[in-house]
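Beneath this line is the structure, given in structure tokens, with notes to follow.
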Amino acid sequence: MRYLSGILVCLFLLTATTESMARRTHMTNEQKAQLAKAETIYLNVLALTENGRVPPADLQTTAKTRLEAIGYTIVTNRKEPHDVEFRVKCEERKRWSGTTRSGGDAELADAPARLWTGPACLFNYRLEGRDLGWYKETRTDFVDAYAAARKAKAKSSGQYAMDQLNLKLQEFDFPVMVATEWGHTDRLAQLLQAPDTDKRRKLRILSTLSRVQSKHAFPHLVKLARDENAEYAEEAIIALAGLGSSATPILTDIFVTTKKSKIQAAAAKGLGLIGALTGDPNITPPLLDYLNENLKDMDESSDIDFPVLTEVVWSIAKLRNEKSIEPIEQLNIRIWLIRDTSKEMKELREAANVATKMVDLDYQIM
């Protein structure tokens, strides 16, 4: 199961890396260049209740503040000069709008839910009046605004729905999503370094930067990954894996030189992800060196650093190498001779069993 999960993670990373390409084949290079240079946004906010349109002042203020916090200049008058129009439509009862033009957005995270009929805010943008097919959505925790308002003893279900959606606008990270969509990874890198950026947002940014393989991402991820005392060092190491073979030397160095078990385990995992994605043979030697060195004195459970060795074995399993066969077979023998029924040992035995089958294809035929 662990191996299958690893493969699924790798497939996700690969899919996410090419997500924009898959959905943006209709965008011209000129349009991409325009978005990359976008600085001023015309913010168009619409609020609709069951009784009709209502002033969107609070929603507009929240959206404006959040976009400005990431460095954009916001205007609210269509006649003022702007580079792109960003639309936010909030409804007490969401109207079904059909499938997206490109067909792929419906399967992506935070995409509009086709069956949702409760309060929701829909985000999209237009470049020179053209809808380029990017849609995101945030929803309330309730479907029936009238029942929710009555329970909260609110006078108006429409106003209650807008108030709750405004809270969602304060949490939903649409600024990071749109900055990613427009290729503004320099803004994301700055957010990553800002001391007041919360952990949840930093984790999202780390994941985003690794997927888009941005040149702006690399130095920031490397800095975090190399700082063993950094709060997000492990996450940064895994994010580096999304950059592919270019991160192999750095992750290898971290794996070989670090003295911290969690950091070394994360580096081993990152190398495995790179191996699964790229087939880079350079990931295997340091992992095999670690395994061979540990096999010399593996007599008891206390001789094993389970988090590190387990990740090493899983990573070795992701890239077949003839030199891996014998050490993995020896490992299988050693760990079954040790009397240990702990969860850590069970996980290591599972990894070793899968690795035996993956690195020795002849074993499967026999």
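The values are calculated or read from the model by the stated rules, or taken from the named source; none is laboratory data. This is a predicted model, so every value here is computed, not measured. Positions of Cβ are backbone-derived with ideal geometry, glycine not excepted, and every protein chain shown enters the neighbour counts.
Computed quantities for the displayed model
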| quantity | calculated |
| --- | --- |
| Enumeration of residues in the range 112-132 that are surrounded by fewer than 17 Cβ atoms within 10 Å (Cβ to Cβ) and assigned to a loop (DSSP other than H, G, I, E, B) | Ala113, Arg114, Leu115, Trp116, Thr117, Glu128, Gly129 |
| Only listed residue being under 20 Å from Arg87 (Cα atoms), free of Cβ contacts under 8 Å to residues at least 40 places away in the same chain and not in a helix (DSSP H, G or I), chosen from Thr138, Thr197 | Thr138 |
| All positions within the range 39-54 that are in contact (Cβ under 8 Å) with a residue 24 or more places away in the chain and either part of a strand (DSSP E or B) or surrounded by 16 or more Cβ atoms within 10 Å (Cβ to Cβ) (or both) | Thr40, Ile41, Tyr42, Leu43, Asn44, Val45, Leu46, Ala47, Leu48, Thr49, Val54 |
| Odd one out for Val312 among (1) outside any helix (DSSP H, G or I); (2) within 24 Å of Thr252 (Cα to Cα) | (1) |
| Of the criteria (1) in the same structural domain as Trp314 (by TED's automatic domain parsing); (2) surrounded by fewer than 24 Cβ atoms within 10 Å (Cβ to Cβ), which one Asp198 fails | (1) |
| Output for the range 280-291, where each listed residue is of a type outside the set (Phe, Trp, Tyr), assigned to a helix (DSSP H, G or I) and either more than 9 Å from Lys318 (Cβ to Cβ) or outside the structural domain of Val359 (by TED's automatic domain parsing) (or both) | Pro281, Asn282, Thr284, Pro285, Pro286, Leu287, Leu288, Asp289, Leu291 |
| Residues that are hydrophobic (A, V, I, L, M, F, W, C) and more than 14 Å from Gly71 (Cβ to Cβ), drawn from the range 39-53 | Leu43, Val45, Leu46, Ala47, Leu48 |
| Qualifying residue in the range 143-151 (condition: under 30 Å from Leu243 (Cα atoms) and surrounded by fewer than 17 Cβ atoms within 10 Å (Cβ to Cβ)) | no |
| Boolean, Thr284 is surrounded by 14 or more Cβ atoms within 10 Å (Cβ to Cβ), among the polar types (S, T, N, Q), farther than 17 Å from Ile237 by Cα and in contact (Cβ under 8 Å) with a residue 40 or more places away in the chain | yes |
| Arg187, sole failed condition from (1) in contact (Cβ under 8 Å) with a residue 60 or more places away in the chain; (2) out of contact with any Asp or Glu (no Cβ under 6 Å at 6 or more places or on another chain); (3) more than 30 Å from Asp253 (Cβ to Cβ); (4) part of a helix (DSSP H, G or I) | (3) |
| Asn332, sole failed condition from (1) within 19 Å of Ile274 (Cα to Cα); (2) surrounded by fewer than 21 Cβ atoms within 10 Å (Cβ to Cβ); (3) of a type outside the set (D, E, K, R) | (1) |
| Residue tally, condition assigned to a loop (DSSP other than H, G, I, E, B) and touching a helix residue (DSSP H, G or I) at 6+ places or on another chain (Cβ under 9 Å), over the range 145-158 | 4 |
| Selection within the range 141-170 - closer than 22 Å to Arg87 by Cβ and in contact (Cβ under 8 Å) with a residue 24 or more places away in the chain | Ala145, Gly158, Gln159, Ala161, Met162, Asp163, Gln164, Leu165, Asn166, Lys168, Leu169, Gln170 |
| The range 182-195, subset more than 16 Å from Arg66 (Cα to Cα) and surrounded by fewer than 17 Cβ atoms within 10 Å (Cβ to Cβ), residue modelled with the lowest pLDDT | Gln193 |
